[in-house]
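Working notes, structure below.
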Amino acid sequence: LRNITASQKIYLERSESQSYGTIPDLAAYGMLGKDLATGTKDGYRFEVTFPGNVQSPYEFQLTASPIDTSDPNRVFFYANESGVIRFSKGSMATAKSDPLTEEKKYLSQCSLYQSPNSQGQEATNGAN
């Protein structure tokens, strides 16, 4: 999420469209790694949307949702142009969800999100 929100600021400054970009837009500018350019990474699906479904120089919404939603303890993430990353355990994160502070970041790495293949291994962080 941090990579995408930082890339959005650069894209806004450099693109001819003078707006925030979609995942494919950011990938075309070489701002995202090959894996994240597909819109998925580390068991999450990343999506950029725009209020009113119109690309804007003012607002964007970024969500990271677990691909496997069968576990009710999965963590969902949200960010926007403010750069604040928010999370929600078990349901879609929104602009009103709790911010991911350093304490909560640690908890998400340790216990809130367990990757599908972890079974006792180290947890995976979805805040890319």
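Under a 1.4 angstrom probe, counting protein chains only, how are Phe87, Phe77 ranked by accessible area, largest first?
Working: Phe87 25, Phe77 0 Å².
Largest to smallest exposure gives the sequence Phe87, Phe77.
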Legend entry - Average Cα contact separation per residue, the stretch 1-105, under 8 Å, 6 or more apart, as relative contact order %: 19
Inset, instruction - Run the quick spin-label model on Ser17 and Ser82: label points 7 Å from Cα toward the beta carbon, then report their separation in nm to one decimal. - result: 2.4
Inset, instruction - Along Cα→Cβ, 7 Å out, is where each label goes; now give me the distance between the ones at Arg2 and Ser56 in nm to one decimal. - result: 2.7
Inset, instruction - Report, as a whole number in µm² per second, the diffusion coefficient that Stokes-Einstein gives for the stretch 1-108 at 4 °C and 1.567 mPa s using the Kirkwood radius over alpha carbon pairs. - result: 91
Legend entry - Rough spin-label spacing in nm, given labels placed 7 Å along Cα→Cβ, for Lys34 and Glu47: 2.7
Inset, instruction - Kindly identify the stretch 34-97 as rounded, prolate or oblate by the Cα gyration tensor criterion: order the square roots of the eigenvalues as a ≥ b ≥ c, call it rounded if a/c is under 1.5, otherwise compare a/b with b/c, prolate if a/b is larger, else oblate. - result: oblate
Legend entry - HN-Hα J in Hz across the stretch 58-70 - Karplus 6.51, -1.76, 1.60, θ = phi - 60°, x for Gly and Pro: 10, 9, 8, 10, 10, 10, 10, 10, x, 5, 9, 9, 6
Inset, instruction - Mind running the shape call on the stretch 4-45? Use the C-alpha gyration tensor, a ≥ b ≥ c as the square roots of the eigenvalues: rounded below 1.5 for a/c, prolate if a/b tops b/c, oblate otherwise. - result: prolate
Inset, instruction - Taking H placed 1.01 Å from N in the peptide plane, check which residues at least 5 places from Tyr44 or on another chain put their amide H under 5 Å from its amide H. - result: Ile67
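The values are calculated or read from the model by the stated rules, or taken from the named source; none is laboratory data. Owing to the predicted nature of the structure, the values given are computational and were not obtained by experimental measurement. All Cβ positions, even for glycine, are placed from backbone atoms using ideal geometry, and neighbour counts span all protein chains on display. Just so you know, the surface numbers come from the protein's heavy atoms only, side chains and all, with ligands and any DNA or RNA stripped out. Shrake-Rupley method; radii C 1.70, N 1.55, O 1.52, S 1.80 Å.
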